[in-house]
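Okay, structure first, notes after.
The values are calculated or read from the model by the stated rules, or taken from the named source; none is laboratory data. Since we're looking at a predicted model, the values are computed, not measured. Because the Cβ atoms are built from the backbone with ideal geometry, glycine has one as well, and the counts that use them run over all protein chains shown.
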Amino acid sequence: MASPFRIRPGEGLRALRRSMRDPDDTGQVGVVVRAFQGKSPQRIARRARRTREGRRLLREKPDLLAALRNREWLASLPEKSLGRAYLDFVVRYKISADGLMDALAEPGARSDYERHLSEDELFLNQWAGLTHDLFHVVTGYETDLIGEVAVLNFTLAQSRNPGLGVLLIPPNVLTPIFAPRHAAIIWKAALRGLRARWFLVQNWVELLEEPLEEVRRKLGVGPPPGYDQFFSPKFRRGFESAAS
């Protein structure tokens, strides 16, 4: 039986082309990443166990999904807390933690894939998906095209997942062509990721209650960059043309 962790370039490249044709089709993201990531889940779990925060996270396995679903609790947190900022973010963009996890799932294959992960690997795999929008809030990148590319470059710098690296080749190459004044944003995002503490192994359930600015200071990410959100049809046409 073929390993679910084998590199599947044909499947990954087909999904990458679909993603380029429709950048809003977030379902292709998980397909591309899983097709090219190989044994990254195992490597990330080993790396997490080498850190104090990672060992604690894997020991306690806090229920982040329950916390993010509880909008009444999030609304009760102090006004300038990370939790309140997250709630404002998901309400503004009409998104949810459940919706994100569903979008990243690969229909018909995820259960088989997950059966081959250890308990710790499965937890971190799901934790990474759940924390994506929290990364947006803490880094200050919005959900526009440039903001998504920036937060994924930040994540790539921290995770070193080759699946993410492949996913980001088209936007990293095409942004300087079709959105040159935004190119610096995505490259600086990678530098911020390299300099910051490892976001993945933080206890985000606890951080939700802390002031957002204190979380940024604690994680060494600095203030959010100012940039104009980018939804240009020209940018989309460039992606579609490159994919055809």
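Give the residue that is surrounded by the fewest Cβ atoms within 10 Å (Cβ to Cβ), with candidates limited to residues of the range 229-240 that are out of contact with any His (no Cβ under 8 Å at 6 or more places or on another chain) and modelled with pLDDT of 60 or more.
Restricting attention to the range 229-240, the residues satisfying the condition of being out of contact with any His (no Cβ under 8 Å at 6 or more places or on another chain) are 229, 231-240.
Filter again for modelled with pLDDT of 60 or more, leaving 229, 231, 233.
Details: GLN229: 12, PHE231: 11, PRO233: 7.
In this case the residue turns out to be PRO233.
Can you spot a residue in the range 51-65 that is out of contact with any Gly (no Cβ under 9 Å at 6 or more places or on another chain), in a helix (DSSP H, G or I) and β-branched (Val, Ile, Thr)?
no
Give the range 187-228 a look and list any residue that's at pLDDT 95 or above, touching a Ser or Thr at 6+ places or on another chain (Cβ under 8 Å) and not acidic (Asp, Glu), or say none.
ALA189, ARG192, GLY193, TRP198, PHE199, LEU200, VAL201, TRP204, LEU208, PRO211, LEU212, VAL221
The rows are residues; the columns are (1) in contact with a Leu (Cβ under 9 Å, 6 or more places away or on another chain); (2) among the aromatic types (Phe, Trp, Tyr); (3) closer than 27 Å to LEU64 by Cβ.
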{"position": "PHE123", "(1), (2), (3)": "yes, yes, yes"}
{"position": "GLN126", "(1), (2), (3)": "yes, no, yes"}
{"position": "LEU145", "(1), (2), (3)": "no, no, yes"}
{"position": "LEU174", "(1), (2), (3)": "no, no, no"}
{"position": "LYS188", "(1), (2), (3)": "no, no, no"}
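One line per residue, one yes/no per condition, for (1) out of contact with any His (no Cβ under 8 Å at 6 or more places or on another chain); (2) touching a residue at least 40 places away in the same chain (Cβ under 8 Å); (3) among the small types (Gly, Ala, Ser):
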residue: LEU16; (1), (2), (3): yes, yes, no
residue: ASP25; (1), (2), (3): yes, no, no
residue: LYS61; (1), (2), (3): yes, yes, no
residue: ARG69; (1), (2), (3): yes, no, no
residue: ALA75; (1), (2), (3): yes, no, yes
residue: GLY83; (1), (2), (3): yes, yes, yes
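Scan the range 115-132 and report the pairs whose first residue is touching a residue at least 40 places away in the same chain (Cβ under 8 Å) and whose second residue is among the small types (Gly, Ala, Ser) and buried (at least 20 other Cβ atoms within 10 Å of the Cβ), with Cβ atoms within less than 8 Å and a gap of 6+ or a chain change.
As it stands, the answer is SER118/ALA45; ASP120/ALA45; ASP120/ALA48; GLU121/ALA45; LEU124/ALA45; LEU124/ALA48; ALA128/SER159; LEU130/ALA97, since those pairs meet every condition given.
Here is a check on your reading of the model: is ASP25 modelled with pLDDT under 85, under 27 Å from LEU174 (Cβ atoms) and out of contact with any strand residue (DSSP E or B) (no Cβ under 6 Å at 6 or more places or on another chain)?
Details: modelled with pLDDT under 85: yes; under 27 Å from LEU174 (Cβ atoms): yes; out of contact with any strand residue (DSSP E or B) (no Cβ under 6 Å at 6 or more places or on another chain): yes.
For ASP25, the condition - modelled with pLDDT under 85, under 27 Å from LEU174 (Cβ atoms) and out of contact with any strand residue (DSSP E or B) (no Cβ under 6 Å at 6 or more places or on another chain) - is met.
Report the residue count in the range 127-145 for those that are in a helix (DSSP H, G or I) and more than 11 Å from the chain's Cα centre (by Cα).
The initial filter retains those residues of the range 127-145 that are in a helix (DSSP H, G or I), namely 127-130, 132-139, 145.
Going one step further and asking which of them are more than 11 Å from the chain's Cα centre (by Cα), we end up with 137-139, 145.
Adding up the residues that qualify gives 4.
Could you tell me which residue of the range 94-121 is nearest to ALA67 (Cα to Cα), considering only residues that are of a type in the set (A, V, I, L, M, F, W, C) and either modelled with pLDDT of 75 or more or in a loop (DSSP other than H, G, I, E, B) (or both)?
Going residue by residue through the range 94-121, those that are of a type in the set (A, V, I, L, M, F, W, C) are 95, 97, 100-101, 103-105, 109, 117.
From what is left, the residues that are either modelled with pLDDT of 75 or more or in a loop (DSSP other than H, G, I, E, B) (or both) are 95, 97, 105, 109, 117.
Details: ILE95: 15, ALA97: 10, ALA105: 20, ALA109: 27, LEU117: 24 Å.
Filtering first and then ranking leaves ALA97.
From the list ARG17, ARG84, pick out the single residue that is of a type outside the set (A, V, I, L, M), over 22 Å from LEU124 (Cα atoms), in contact with a helix residue (DSSP H, G or I) (Cβ under 6 Å, 6 or more places away or on another chain) and not in a loop (DSSP other than H, G, I, E, B). Before you say what the answer is, go through the steps one by one.
On the way: ARG84 fails: in contact with a helix residue (DSSP H, G or I) (Cβ under 6 Å, 6 or more places away or on another chain).
One residue alone meets the criteria, ARG17.
Looking only at residues that are small (Gly, Ala, Ser), in contact with a Ser or Thr (Cβ under 9 Å, 6 or more places away or on another chain) and in contact (Cβ under 8 Å) with a residue 40 or more places away in the chain in the range 151-186, which one is farthest from VAL32 (Cα to Cα)? Can you show your working first?
Filtering the range 151-186 down to residues small (Gly, Ala, Ser) leaves 157, 159, 163, 165, 179, 183-184.
Imposing the further condition that a residue be in contact with a Ser or Thr (Cβ under 9 Å, 6 or more places away or on another chain) reduces the set to 159, 163, 179, 183.
Remaining after also requiring in contact (Cβ under 8 Å) with a residue 40 or more places away in the chain: 159, 163, 179.
Numbers: SER159: 16, GLY163: 6, ALA179: 24 Å.
Residue satisfying both the conditions and the ranking: ALA179.
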